[in-house]
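Here the structure is laid out as structure tokens; the discussion comes afterwards.
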Amino acid sequence: MAAVPAMVEPGLSVASSSATSVRQRPSALLVRLRAALWACASVGLFVGMWEFAWWRGWADPLLLPPPHLFLANLADQFRFFDPNGDRAGALSSGGSLGSVLGVIAWTSLRVTAGLALGFVLSLAVGVGIRYFGVFGKLTLPTITLLAPISPVAWLPVAVFMFGIGNPPAVFLVFISVFFVMVLSTLSQIDAVPASYLHVARIMGASKRQLFRHVILPAILPGLFVTLRLNLFAAWMVVLIAEAVGVGSGLGQVVMMARNTFNASLVFFTMTLIGLAGFAFDQALRWVQRRVLWWVGPSAAAGGL
């Protein structure tokens, strides 16, 4: 009789510990709130150090104006943003928040188009190299030769080929991710476990089914991580293209501010670029979680 409680008590203990762990597990909302608070603390610390340097006289307000200075007169900053993206200089009638959002939208559109083209075409070329021998022998040496060339070096080529406007900016973003993504695709395909392929062939999968249901799901997580790592490089490239080969967008505003020695406009535009890049990264992470529905949240995030 005394053995019965001894047999029941461990089960109750396990159930109790499980219930305690469930209660102690933080909710998704709490996790996001903590992340947001840490992000605010990080940015606040950076801004506080900048403001302290200005207060102590270490930072020249003409060269390194703190946030409270270059954000003090937003209406004056807005005058330099043309929503149509076809002119440089201050607007005679003054700008608005809509003008700023319009310029950000033009730059974001160029980045999005270049990234989408680079991702899709690099995936197609990488698969073609691995599964079509002649195509791979003809293209892989050239891709390996062109991959080390900086995207900035392609700027004159883009202007020669496409002239002035949106195409050269989109082309440079495409170049900044295409070669890296092709090599990453090849690496990811080579890393697919052979056992996956053997099981699929034993089950009678065709070549198309093998790619669609085995290879593609196996390589997409790694490719999304590579795309995210190259996202910020794409933003750097598009800003250079806008400053030189497009004549509009956030890059053009930064170049105009530099030429007119307008430090407040430089840092205001840099703030917009940082916010836009952060929003792009968050949007790409959201797309990544939706597309990679078969993997867990940590795997979809790629450890970043």
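The values are calculated or read from the model by the stated rules, or taken from the named source; none is laboratory data. None of the values given here were measured: they were computed from a predicted structure. Using ideal geometry, Cβ is built from the backbone for each residue, glycine included, and neighbour counts are taken over all protein chains shown. These area figures cover heavy atoms from the full protein model, side chains too; ligands, DNA and RNA do not enter into them. Shrake-Rupley method; radii C 1.70, N 1.55, O 1.52, S 1.80 Å.
Brief remarks follow.
- Taking the stretch 62-87 as the range and being of a type outside the set (S, T, N, Q) and open to solvent by 90 Å² or more (accessible area, probe 1.4 Å) as the test, the residues that pass are Leu62, Leu63, Asp86, Arg87.
- Residue within the stretch 242-265 that is of a type in the set (Phe, Trp, Tyr) and more than 23 Å from Ala113 (Cα to Cα) present: yes
- Qualifying positions in the stretch 242-267 - under 23 Å from the mean Cα position of the chain (by Cα), open to solvent by 20 Å² or more (accessible area, probe 1.4 Å) and at pLDDT below 85: Ala243, Val244
- Checking every residue in the stretch 226-241 against the condition of being open to solvent by less than 60 Å² (accessible area, probe 1.4 Å), among the aromatic types (Phe, Trp, Tyr), closer than 27 Å to Ser122 by Cα and modelled with pLDDT of 85 or more gives at least one match.
- Hits in the stretch 268-280 (condition: open to solvent by 20 Å² or more (accessible area, probe 1.4 Å) and either hydroxyl-bearing (Ser, Thr, Tyr) or farther than 16 Å from Leu239 by Cα (or both)): Thr271, Ala279
- Restricting the stretch 144-200 to residues that are assigned to a helix (DSSP H, G or I) and among the polar types (S, T, N, Q), the residue that is surrounded by the most Cβ atoms within 10 Å (Cβ to Cβ) is Ser176.
- Failed criterion for Ile164 (all others in (1) in contact with a helix residue (DSSP H, G or I) (Cβ under 7 Å, 6 or more places away or on another chain); (2) under 22 Å from Phe278 (Cα atoms); (3) aliphatic (A, V, I, L, M); (4) at pLDDT below 90 hold): (2)
- Residue match in the stretch 71-85 (condition: charged (D, E, K, R), modelled with pLDDT under 85 and assigned to a loop (DSSP other than H, G, I, E, B)): yes
- Residue pairs meeting the criteria (Cβ under 9 Å; at least 6 apart or on separate chains; first open to solvent by 100 Å² or more (accessible area, probe 1.4 Å), in the stretch 43-61; second at pLDDT 90 or above): Trp58/Phe52
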